[in-house]
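So the structure is just underneath, and the comments pick up after that.
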Amino acid sequence: MRLPPARATAVLVGATCLAWAVASLGPWSDTIGVVAGFIPARVGGLALNGAVPVWLTPLSATLVHAGIVHLAFNMLMLGFCGRYVEPSIGWIGVVTLYVGGAYAAAAAQYAVDPSGMVAMVGASGAVSALFAAYALLYGERRGRFREGRLGAALQILWLAAAWIGLQILVGFATVQGGRIATAAHVGGFLFGLLMAKPLLRLHWRKA
């Protein structure tokens, strides 16, 4: 079956790539991560002249990446997951997951490191929300409790535990593990798990 166009996903990918290109080629390439990234300490009152307002930085951070490999991986995940999730929950659902995932990621990062001074950049937290929705909506339930609410709850718990465990392992295994916003990835993923089914029901109720 041919899937309908995933226009919101395409717009998000295109806008993010364009923003990265402009930021990389402009004279502000060395400082864009600081002025547009999410810095937890700013929530507590740290002043930073010329920076994006702190309440907008969870979104502006999704447009800034640490390099082309970072960008390519996030956009590959966004394009793949969004391509399948958008027909199920609609473009409004995709935008809701992406924006909500970005803020959930920032909130989780702030919760574990409220005085952190390192800028969090990248769309990983927002993409994690879409990845969670893809896994929940298209993943196959296994085991004895495949049907009903118990099966759904166990699937959510299993996906959450697997994703959190993976992020912890990645953080330990990476040489620069302290620079990986593991909590942000987990926060975005948990938001996607919680919101995927409500957004699915809302979309088809309006259809």
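The values are calculated or read from the model by the stated rules, or taken from the named source; none is laboratory data. The model shown is predicted, which means the values in this text are computed figures rather than measured ones. Backbone-built Cβ (ideal geometry, glycine too); neighbour counts: all protein chains shown.
No other residue among A196, A133, A106 is in contact with a strand residue (DSSP E or B) (Cβ under 7 Å, 6 or more places away or on another chain), assigned to a helix (DSSP H, G or I), among the small types (G, A, S) and modelled with pLDDT of 90 or more apart from A106. Would you tally the residues in the range 24-35 being in a helix (DSSP H, G or I) and either surrounded by 11 or more Cβ atoms within 10 Å (Cβ to Cβ) or in contact (Cβ under 8 Å) with a residue 40 or more places away in the chain (or both)? Of the residues in that region, 5 qualify.
When T9 is tested against (1) at pLDDT below 95; (2) in a helix (DSSP H, G or I); (3) in contact with a Leu (Cβ under 7 Å, 6 or more places away or on another chain), exactly one condition is not met: (1). Among the residues of the range 36-50, those identified as modelled with pLDDT of 90 or more and surrounded by fewer than 22 Cβ atoms within 10 Å (Cβ to Cβ) are A41, R42, V43. Close Cβ contacts (under 9 Å, 6 or more residues apart or on different chains) running from residues in the range 185-198 that are free of Cβ contacts under 8 Å to residues at least 60 places away in the same chain to residues that are of a type outside the set (G, A, S) comprise L194/I156. Which ones in the range 55-70 are within 17 Å of D30 (Cβ to Cβ) and in a helix (DSSP H, G or I)? Selection gives S60, A61, L63, I68, H70.
Being part of a loop (DSSP other than H, G, I, E, B) and either touching a residue at least 40 places away in the same chain (Cβ under 8 Å) or more than 28 Å from R42 (Cα to Cα) (or both) narrows it down to one of G122, G90, G101, so name that one. On inspection, the qualifying residue turns out to be G122. Inclusion of A61 among residues that are surrounded by 18 or more Cβ atoms within 10 Å (Cβ to Cβ), touching a residue at least 60 places away in the same chain (Cβ under 8 Å) and either closer than 18 Å to R7 by Cβ or touching a Pro at 6+ places or on another chain (Cβ under 7 Å) (or both) is not warranted. Screening G90 with (1) of a type outside the set (V, I, T); (2) closer than 30 Å to P4 by Cβ; (3) under 16 Å from the mean Cα position of the chain (by Cα) gives one miss only, at (3).
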